[in-house]
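This report refers to the structure that appears directly beneath it.
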């Protein structure tokens, strides 16, 4: 039996991805109706109420994820398979109760790489350039103890303030306005 904390993480991720799958967009605090499934999510409805009201079990939600969840290093990583710019990615992950994926070690990097390869799309990581060109930090302000830069990166060319992951798992500094795979951590 998973711990209550792990269960809450899994439950939150399952709800986020199930909502994305069912409604075609990441969950958010709004009222949405979907005639295809005949469901309405009220703006103040909690995850627990949603699952209870529609008699969806966690097992059913997990089955519908279709390989859009993985775990490493005590974190759960999830994707909806959709893309967005860096700031929208940060917002969508926050709305889901998580944060943009930020690998702290090789195992977590591999967990994110799983999605990058599966969808064949680069993904933004939770890091930004500091005031010192070429020096990056995680979004929580902590210094990055783990990096996996591609050869010659970060190049610190102009406005490349964000970090993307290539399909080989290495990183590149990139402008923040490109659409990349949304990968969140919980």
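Quick note: the coordinates plus some simple rules give every number you see, no bench work behind them. These numbers were taken from a predicted model, which means no experiment stands behind them. In this analysis, Cβ positions are derived from the backbone assuming ideal geometry, glycine residues included, and neighbour counts consider all displayed protein chains.
Equivalent-ellipsoid semi-axes (√(5λ), Cα gyration tensor) for the range 69-186, whole Å, largest first?
Ellipsoid semi-axes (Å, largest first): 20, 15, 14.
Could you tell me the center-to-center distance, by alpha carbons, between the range 82-101 and the range 107-166 in angstrom?
Taking the Cα centre of the range 107-166 as reference, the centre of the range 82-101 is 15 Å away.
Out of the DSSP beta bridges found with both residues in the range 69-186, what percent are antiparallel (nearest 5)?
90
What order do you get for 129, 164, 159 when you list them from fewest to most C-beta neighbours inside 10 Å?
On the way: 129 19, 164 24, 159 11.
Ranked by crowding around the Cβ, least crowded first: 159, 129, 164.
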